[in-house]
Amino acid sequence: MEEHPGGKAILLKHAGKDVSQLFHKYHGPHVLADHQRLLVRSLSGAERKEVEERSPMLYESAGWSLGFPSPYYKESHHKLRECVRSWVHDKISPLLPLCEKRQFPFKEIIKESASAGLLAATSIIPFPSQYLQHPQIMGGAVPPEDFDYFHQVIIWDELARSGSYGAGVGWFSGQCIGLPPVIAYGQGDFFHQTLIPSVLSGDKVICLAITEPGSGSDIRSTSCSAVYSSDRREFLLNGEKKWITNGIYADYFVTAVKIYESEEERRKNVNGRLSVVVVPRGEGVVTREMECSGLHGTGTTFVSFSDVRVPVEYLLGKAGDGFNILTRNFNHERLFVIVVGLSLARVCFREAFCHAQKREVFGKSLMENGVIRKKFGMMARELETTWAWVEQVTFLMDQLRVLKANGGGSKVESLEERLGSRVALLKGHTTKVLEFCSREAAQVMGGLGFTKGGIGDKVERAWRDARGFSVFAGSEEVMFDMAVRKAQRDYQKENL
Ligand SMILES: Cc1cc2nc3c(=O)[nH]c(=O)nc-3n(C[C@H](O)[C@H](O)[C@H](O)COP(=O)(O)OP(=O)(O)OC[C@H]3O[C@@H](n4cnc5c(N)ncnc54)[C@H](O)[C@@H]3O)c2cc1C
């Protein structure tokens, strides 16, 4: 009782009575789901009432899922959305409070998501059936061969609707960015018979380790070194990596390094070739979780490599191909961050909207004040326009998938290049939308938006998490700059 965010007086006053109406007057739509672990017993037929009771409102979900006709979605998309929403309700929502306390059962949820097919579905397209014993997605909601970018976007969107990056999304972010380069560039049995199947089955965890204390946006300035042994059978790896998502849980580190032919070259810092090596956790690999403002549960980690011996077969692609290998998955990674960021912005809208309907100030509900309604109008226009843009980019990504499946050719390269700048621009924009919506929603919630736990919990968390969004997967300035430089190059080609 002492921990109740609304104080104990109201609990004592109404104890022993049916408080359903009173409860919903003060609490947001997902409070019951988030606290399932406190459930003692249910009245028959009442278990899912809270979820079914409220029909979804405008702007809290994308238009297509609210019944607006759309050319992008087939029956399998609708079916998948329902299945994932229900999975999130049952598996993720009860875990939300554990995330902030750093007690999130990471390995368990990875296993659960692997058996539901979600781990494979969030990692790469085409769906990687060849690595799975029983390829299926949410009990057959989508045949694996039909899985497209819109399906993947739906999964990301629904997972983030839980209102927590850490609980809803954090567990697959390492593999979503770490596994695609391995699938695309790994050669030999170690990758294709051992590593990839073990990650997709949830037995092992992978992460992508590019950033260092001294190099972030500028990947080419990587200083982590891998020196050939005299018999050229191993690399000797030394260096540090910082802010590595899922690093604390990881068994494999997909690591950006500079390869040197000899220790002397490394000492003189000459002829280093940017490359990517997969480092298994073992002797010389030390990880420690970092204290960050938000995104708790994702295991943001500092990694040190000291004289780590790695077989040369664990090199991805060729020595010197590092830049292409690392950047090839960037559109996919950024689309993931875009969808999740926008979904969290919608959560902020939803939580604040429900609160504004219920909270009374000066004798009327908050929502009856025009100033407050305008805030929701400003948020809604950002949410809706950005989603239309997300659909457009998703459609282009899917066109690329189809082109590749049909042999591709020069059209693939051209579309891939043009897509990069559009995705970068959208990534920078979505970060701004999340910052704006979490700020405005927190303001509508007053003190609750500044308080952990209770009704404002999700908004308060999104506001903190938004900081991370503007930095990872391509920092804001770099994203906008990339988009404008592409326009500049095109202009110069045509006009100068
Ligand atoms: C929560 C979180 C998770 C992360 N997860 C991972 C991960 O899993 N793996 C991984 O390898 N890394 C990860 N990172 C690191 C992330 O990719 C880097 O933080 C990011 O690339 C920026 O690098 P930096 O922090 O060193 O900033 P810098 O590169 O030092 O940039 C500092 C500031 O300067 C701006 N800037 C940089 N260059 C320019 C320019 N040319 N013109 C104008 N402005 C510029 C940047 O936008 C930024 O605002 C993560 C970071 C965070 C916060």
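The values are calculated or read from the model by the stated rules, or taken from the named source; none is laboratory data. Computed from a prediction, not measured in an experiment: that's the story for all the values here. Backbone-built Cβ (ideal geometry, glycine too); neighbour counts: all protein chains shown. Note: accessible area is taken over every heavy atom of the protein model, side chains too, but ligands, DNA and RNA are not part of it. Shrake-Rupley method; radii C 1.70, N 1.55, O 1.52, S 1.80 Å.
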Which whole-number percent is the relative contact order of segment 76-168 (Cα, under 8 Å, 6+ apart)? 43 percent
Relative contact order (%) - criterion: Cα under 8 Å, at least six apart; region: the chain: 15 percent
Antiparallel bridges, percent of DSSP beta bridges restricted to the chain (to nearest 5): 80 percent
Highest average packing first - 38-44, 133-139, 63-69, Cβ atoms within 10 Å: 133-139, 63-69, 38-44
Strictly over 22 Å apart at the Cα level, which of LYS111/LYS432; LYS204/LYS241; LYS427/LYS452; LYS258/LYS318 would you flag in this model? LYS111/LYS432; LYS427/LYS452
Just the projected area, averaged over all directions, of the convex hull on the alpha carbon atoms of the chain: how many nm²? 26.9 nm²
For segment 198-314: relative contact order, % (alpha-carbon pairs under 8 angstrom, 6 or more apart): 30 percent
Expressed as a whole number of Å, what is the distance separating the alpha-carbon centroids of segment 181-208 and segment 324-350? 23 Å
Anchor LYS13: aspartates and glutamates whose Cα lies under 15 Å away (excluding residues fewer than 8 positions away in-chain): GLU2
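Which whole-number value in Å² is the accessible area per residue of the chain, probe 1.4 Å?
47 Å²
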In what sequence, highest mean first, do 216-229, 116-129, 367-380, 243-256 appear when ranked by Cβ atoms within 10 angstrom? 243-256, 116-129, 216-229, 367-380
Taking alpha-carbon centroids only, segment 65-99 lies from segment 209-258 a number of Å equal to 37 Å
Ignoring everything but the protein chains, give the 1.4 Å probe accessible area of ASP157 in square angstrom, nearest 10. 20 Å²
